[in-house]
Amino acid sequence: HGTSDYINAPFTMDLQVRGRLVYGWYQDQEDRGSVDADYDGGSDIRFHIYFGDTGFFMNGRFDSPDSIRGTFRVAALGNREFWFQMRR
């Protein structure tokens, strides 16, 4: 589950891990899309959220094994930056 100052927050992501690949679904108050990321086991991760016609990247860092926080920009909103925090 995630919180953010993004206009469509809160959001959820249902994620699975297979090797270095992270994939699944993103859902907020307005949109549903796919998620993918390449994760090397370090503290940083970059999620690609894709809605079919648009999307954005979430750049995060693990605070703990169950918590990630970071930022993302939405081009459709003037490339405005938003913060996010996710917890398992």
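Restricting attention to segment 26-42, does a residue exist that is touching a Pro at 6+ places or on another chain (Cβ under 9 Å), without any contact (Cβ under 8 Å) to a residue 60 or more places away in the chain and either surrounded by 12 or more Cβ atoms within 10 Å (Cβ to Cβ) or under 18 Å from Phe82 (Cβ atoms) (or both)? Explain how you work it out, then say what you get.
Just the residues of segment 26-42 that are touching a Pro at 6+ places or on another chain (Cβ under 9 Å), to begin with: 28-29.
Now drop any that are not without any contact (Cβ under 8 Å) to a residue 60 or more places away in the chain, which leaves 28-29.
Filter once more, keeping what is either surrounded by 12 or more Cβ atoms within 10 Å (Cβ to Cβ) or under 18 Å from Phe82 (Cβ atoms) (or both): 28-29.
Checked segment 26-42: at least one residue is touching a Pro at 6+ places or on another chain (Cβ under 9 Å), without any contact (Cβ under 8 Å) to a residue 60 or more places away in the chain and either surrounded by 12 or more Cβ atoms within 10 Å (Cβ to Cβ) or under 18 Å from Phe82 (Cβ atoms) (or both).
If you scan segment 73-85, which residues turn out to be modelled with pLDDT of 95 or more and surrounded by 16 or more Cβ atoms within 10 Å (Cβ to Cβ)?
Of the residues in segment 73-85, the ones modelled with pLDDT of 95 or more are 81-85.
Correct list: Phe82, Phe84.
Considering only residues that are among the hydrophobic types (A, V, I, L, M, F, W, C), free of Cβ contacts under 8 Å to residues at least 60 places away in the same chain and farther than 13 Å from Met86 by Cα, which ones fall in segment 1-25?
Correct list: Val17, Leu21, Val22, Trp25.
Please list, ordered by first then second residue, the pairs with beta carbon atoms under 6 Å, 6 or more apart or interchain, first in segment 55-69 and at negative phi, second open to solvent by less than 70 Å² (accessible area, probe 1.4 Å) and in a loop (DSSP other than H, G, I, E, B).
Note: pairs meeting the criteria are Arg61/Ser43; Phe62/Ser43.
Does segment 29-87 hold any residues that are within 15 Å of Asp5 (Cβ to Cβ) and among the β-branched types (Val, Ile, Thr), and which are they?
Hits for segment 29-87 are Thr71, Val74.
The values are calculated or read from the model by the stated rules, or taken from the named source; none is laboratory data. This one's a predicted model, so the numbers in the text were calculated from it and none came from an experiment. Neighbour counts run over all protein chains shown; Cβ positions are idealised from the backbone, glycine included. In case anyone asks, the SASA skips ligands and DNA or RNA and just uses the protein heavy atoms, side chains included. Shrake-Rupley method; radii C 1.70, N 1.55, O 1.52, S 1.80 Å.
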